[in-house]
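Chemist: The structure that follows is given in the form of structure tokens.
The values are calculated or read from the model by the stated rules, or taken from the named source; none is laboratory data. Here the structure is a predicted model, which means the values were calculated and not measured. Positions of Cβ are backbone-derived with ideal geometry, glycine not excepted, and every protein chain shown enters the neighbour counts. The protein model used for the area step is the full one, side chains on, heavy atoms only, and it has no ligands, DNA or RNA in it. Shrake-Rupley method; radii C 1.70, N 1.55, O 1.52, S 1.80 Å.
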Amino acid sequence: TSADTSMPELDEAIAAAITAGEKLRTDEQTSLPYFRNQMYRRDDLAGAKKIFPVLQKDYENMIGAMNRLGAILFGMQKTETEKRIAAYRASKSMIGYHTETALLLAQELVTQLNQPQQTIAMKASCTPCDTIVAQMETALKTQHTILDNAYPKRDKDGGLDTIRENLIRMIACYRDMKTDRKAKSFNRMMKRYSDAIESYNRIVRYSPLV
């Protein structure tokens, strides 16, 4: 018998996100003639006062559904990463172990900071984030030391070095955000995280981490 690969929680979250998106689209399409024909000029915004609460609720429902879906996908990604970390540790493949550990910590940093209700000031004041960043730096430093010892003449413009460089830049952007408290620094931090994941995916597509 084949193994059960169904994921009802994920399926429900996807369905809820689709439903919320379709509801928002339908209500937006329905309200378009009212605004396009400038009917609000004739009814003293009476129609708008009815439409806006509906659309606002639609947006809130869609954002909530997307956040729930994102949390489930992040949880699945974390579980898979933890399995790989355990496997690397068991096989004493410490380059892979420290690389995956740094990426897992980066994911936890993103989880802590990427909350829709947070202001930039709240993000900049995240105390647990400093601990996560310190652990990331330790993992990255250890990974770098092992790489230098094992492959001193490697090309440092590609491979595992690109993951580390992107995560180091991610940390730098995090510290910029704590200092300047600007959304621009947070967005740069998220971009560097995305770059690190892209580098990782590109590497493991062809070979496992050593």
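Chemist: Just checking: which of the helices (runs of 4 or more DSSP H) contained wholly in region 1-92 hold 3 or more residues that are open to solvent by less than 80 Å² (accessible area, probe 1.4 Å) and at pLDDT 90 or above?
Modeler: Details: elements: 8-36, 40-43, 46-90.
Filter on region 1-92 gives 8-36, 46-90.
Chemist: Give all pairs with beta carbons closer than 8 Å in which a residue from region 94-120 that is under 18 Å from LYS178 (Cα atoms) meets a residue that is outside any helix (DSSP H, G or I) and open to solvent by 30 Å² or more (accessible area, probe 1.4 Å); count only pairs at least 6 apart in sequence or on separate chains.
Modeler: ILE120/ARG181; ILE120/LYS182
Chemist: Follow-up question, since we're still on this one. Of the numbered conditions (1) touching a Pro at 6+ places or on another chain (Cβ under 7 Å); (2) open to solvent by less than 20 Å² (accessible area, probe 1.4 Å), ALA106 fails exactly one; give the number of that condition.
Modeler: Result: ALA106 fails condition (1) only.
Chemist: Keeping to region 146-173, report how many residues are open to solvent by less than 70 Å² (accessible area, probe 1.4 Å) and either over 24 Å from TYR206 (Cα atoms) or β-branched (Val, Ile, Thr) (or both).
Modeler: Counting residues in region 146-173 that are open to solvent by less than 70 Å² (accessible area, probe 1.4 Å) and either over 24 Å from TYR206 (Cα atoms) or β-branched (Val, Ile, Thr) (or both) gives 7.
Chemist: If a residue must be open to solvent by less than 50 Å² (accessible area, probe 1.4 Å) and either at pLDDT 95 or above or within 12 Å of the chain's Cα centre (by Cα) (or both), how many such residues does region 187-199 contain?
Modeler: Matching residues across region 187-199 total 6.
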